[in-house]
Amino acid sequence: MKCINIAIAALAGAAVGASLGLLFAPEKGTETRDRIRQFVRRKGLAAKGNVEELVDRIEAELNN
């Protein structure tokens, strides 16, 4: 059970790191966010409002 928890934590850390890497990439932030929105919509991972809300929350946290 302990190995599973470690694996889950590692995967979650990798996902967060990748997300932050995208947000801090040298590309303009608006372009990056648009690309993320397009990707999520193509994959059908979330509804339009949820994606925009998530991006807004991330931006708010990064700006504080």
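Rule-based calculations on the coordinates, nothing more; no lab input. Source: prediction; values computed, not measured. Neighbour counts are summed over all protein chains in view; Cβ atoms, including those assigned to glycine, are modelled from backbone coordinates with ideal geometry.
Given labels modelled 7 Å from the Cα in the Cβ direction, how far is it in nm from residue 4 to residue 61?
2.6 nm
Run the simple label-point estimate for residue 18 and residue 52 please: 7 Å along Cα→C-beta, distance reported in nm.
Each label point is offset 7 Å from its Cα along the Cβ direction, giving 2.6 nm.
In nm, give the distance between the simple-model label positions of residue 39 and residue 27, each being 7 Å from the Cα along the Cα-to-Cβ direction.
With each label point 7 Å from Cα toward Cβ, the separation is 0.8 nm.
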